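The values are calculated or read from the model by the stated rules, or taken from the named source; none is laboratory data. Just so it is clear, the structure is predicted and the values come from calculations on it, not from any experiment. Ideal geometry is used to build each Cβ from the backbone, glycine not excepted, and the neighbour counts take in all protein chains shown.
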Amino acid sequence: MSMKEKHADIHQDLIRSCRKNNKTAQLSIYKLYYKAMFNTSLRIVNNVEDAEDIMQEAFLEAFRKISTYRGNGSFGGWLKRIVINRSLDFVKARQTRISLGRKIMEMETPEPEDGDEPTDIDVRLDEVKTAMKKLQENDRIILALFLLEGYDHGEIARILGIPYGNVRTRYSRAKQKLMKEIMESRNNN
């Protein structure tokens, strides 16, 4: 048995034990995934305390709904989807509280014209993360999902419930703002 197969067997045993509400198995799963899930939420909500709360709620939800995990994809991917959905729900609720509403996210915007895209430059991941913190929530979310979480435009459209073309436009504009923040940061240092 290869090391990968052995790891998969251990993982499946943990999931089976979680389905039986085994607290030790749940703690093991939590320890395996909490850092990655916290970071996923943090990139979306941009607040440590909120990300911690969301991550805890997502794990509780995952353990309640673990019987719905069929094993077709990775358990981490299934769990990440719960964390992303919880994070997006939090952001939407926060937007409603500050009277922004969803209409901002749904507005159709024209495609950027040629020449509007900044020239690609070499950037470090820490520069991207720092600059993203300065962006508006809608820009930060789309960049986090695309750049850091690895979703494509079609997947992001489904996650956010907006048209594919709108995702492409919003991503392009968010990327421009991100590059501007990075360049301004470099010029100030």
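Quick notes on this one:
- Of the residues examined, Arg81 is not one that is in contact with a helix residue (DSSP H, G or I) (Cβ under 8 Å, 6 or more places away or on another chain), assigned to a helix (DSSP H, G or I) and modelled with pLDDT of 90 or more.
- Test for Ala62: is it outside any loop (DSSP other than H, G, I, E, B) and touching a Lys or Arg at 6+ places or on another chain (Cβ under 9 Å): no
- The residue that is surrounded by the fewest Cβ atoms within 10 Å (Cβ to Cβ), counting only those in region 150-189 that are outside any helix (DSSP H, G or I) and out of contact with any Asp or Glu (no Cβ under 9 Å at 6 or more places or on another chain), is Asn189.
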